[in-house]
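Step one of this worksheet: look at the structure below.
The values are calculated or read from the model by the stated rules, or taken from the named source; none is laboratory data. Because the structure is predicted, anything quoted here is derived from the model rather than measured. When we count neighbours, we look across all protein chains shown, and the Cβ atoms used for this are built from the backbone with ideal geometry, even at glycine. Just the protein is used for accessible areas: all its heavy atoms, side chains included, with ligands, DNA and RNA removed. Shrake-Rupley method; radii C 1.70, N 1.55, O 1.52, S 1.80 Å.
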Amino acid sequence: MAFPAAFSVVPLGVLFLFSGLIVNLIQAFFFLTVWPFSKNTYRRINSEVAELLWLEFIWLADWWAGVKIELFTDAETFHLMGKEHALIICNHKSDVDWLIGWILAQRSGCLGSAVPVTKKAAKFLPAVGWSIWFSGAIFLERSWLKDEKTLKSGFERLRDFPIAFWMALFVEGTRFTHAKLLAAQEYASSMGLPSPRNVLIPRTKGFVTAVSQMHEFVPAVYDLTFAFPEGSPPPTMLRLLKRQPSVVHVHMKRHLMKDLPKTDVAVAQWCKDVFLAKDKLLDKHKADGNFGDGELQIIARPLKPLVVVTSWACLLIFASFKFLQWTSLLSSWKGLTFSATGLAIVTVLMQFMIQFTQSERSNPANLSKHPKSS
């Protein structure tokens, strides 16, 4: 059932910021008191703490908007999800692909140990940006001269990670739009490359670096392909807030890291070949509404996100009641003005976060800088 976004932005924004700042304070406490003495103990604690915030996004998709994710993969891969370190590569099809990945991680039991690789600006997002910083996210400036060292040190930090983690890379470098597809096709034509139809040309340097740095301790690469059935618009943050459902089809293929090529040039070509196969897979999905292979795995909607959000809501209501009782804030014009200003700030922050996820505001990959060998 559609729901006006204006009616949900403020209350959900207050709940998100209230809980998020509490989570950030708890993360900061353990970062200062535990991290200096035992990084792995901190990581285990933080994975549980961070989930208390990230599960709210899972709730937004699962319980508020009713997004349905259908996962197609073989039984062995499904059984191993969440039980091993994994490097994930996927097409960047919608504004909230990161959330689809989080949902799959949550179903696999490793949401708290998902390690994001994202643009530097994300660290300044209230609550969620700070939470992923405490969780070891790798922040990029989209300049290889600066990002190469950042990626290498970030990947190396994961060598002794104590629990199964997922590291996701959007190797296309930007979200898919029609304008970016036309630019990719023009570049492909000028370079004598196969012209893509459903994906962008992968920028392989980050993936090559990941494989080079992590091949010794990450056993598998998960190749994910996101697609949307005809008649189901891709999910966006605004659609989620409006309670507009979507259906997402996810195809997953597991590759053993040890089977990847041994040279950087060959790894880069392997990544390009994976995206050529992904392009054909999406052609198949467009034509038939399915991928043609992979078993449909049952990933039921869990209760945990609902319990967490309900608990946060009860805590917020109790704290608000006590605060208003103590301050008599709503009994004067000054108090009312203060309250209205606070709600306006929440609205602006939520609007900023919605805009941050929108694909038309993302920066296009600079195709002219694609080297021939990467």
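Here are the numbers for the structure shown:
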{"item": "Average accessible surface area per residue within the chain, 1.4 Å rolling probe, Å²", "result": "48"}
{"item": "Using θ = phi - 60° and Karplus 6.51 cos²θ - 1.76 cosθ + 1.60, couplings along the range 118-124 (whole Hz; Gly, Pro as x)", "result": "8, 6, 4, 4, 5, 5, 8"}
{"item": "Percent accessible area from carbon and sulfur atoms, the range 1-80, protein chains only, probe 1.4 Å", "result": "74"}
{"item": "Of all accessible heavy-atom area on the range 172-225, the percent that carbon and sulfur account for (1.4 Å)", "result": "56"}
{"item": "Whole-Hz ³J(HN,Hα) from phi, Karplus 6.51 cos²θ - 1.76 cosθ + 1.60, for the range 150-161, glycine and proline x", "result": "4, 5, 4, 5, x, 5, 5, 4, 7, 4, 10, 4"}
{"item": "Virtual spin-label span in nm between T337 and K262, 7 Å along Cα→Cβ", "result": "7.4"}
{"item": "Zone residues, the range 272-311, relative to E76, backbone N less than 15 Å from point 7 Å out along Cα-to-Cβ", "result": "294-295"}
{"item": "On Cα atoms only, tilt of 5-33 relative to the major axis of the chain in degrees", "result": "80"}
{"item": "The range 185-301: mean projected area of Cα convex hull, nm²", "result": "9.8"}
{"item": "Contour excess over end-to-end distance, with Cα ends at F29 and L315 and 0.36 nm allotted per residue", "result": "100.9 nm"}
{"item": "The range 157-276, relative contact order [Cα under 8 Å, separation at least 6], %", "result": "26"}
{"item": "For semi-axes √(5λ) of the Cα gyration tensor in Å, calculated from these coordinates, the label among (1) 36, 24, 20; (2) 59, 25, 19; (3) 35, 27, 21", "result": "(1)"}
{"item": "Built amide H within the under 5 Å cut-off of V171, gap 5+", "result": "C90"}
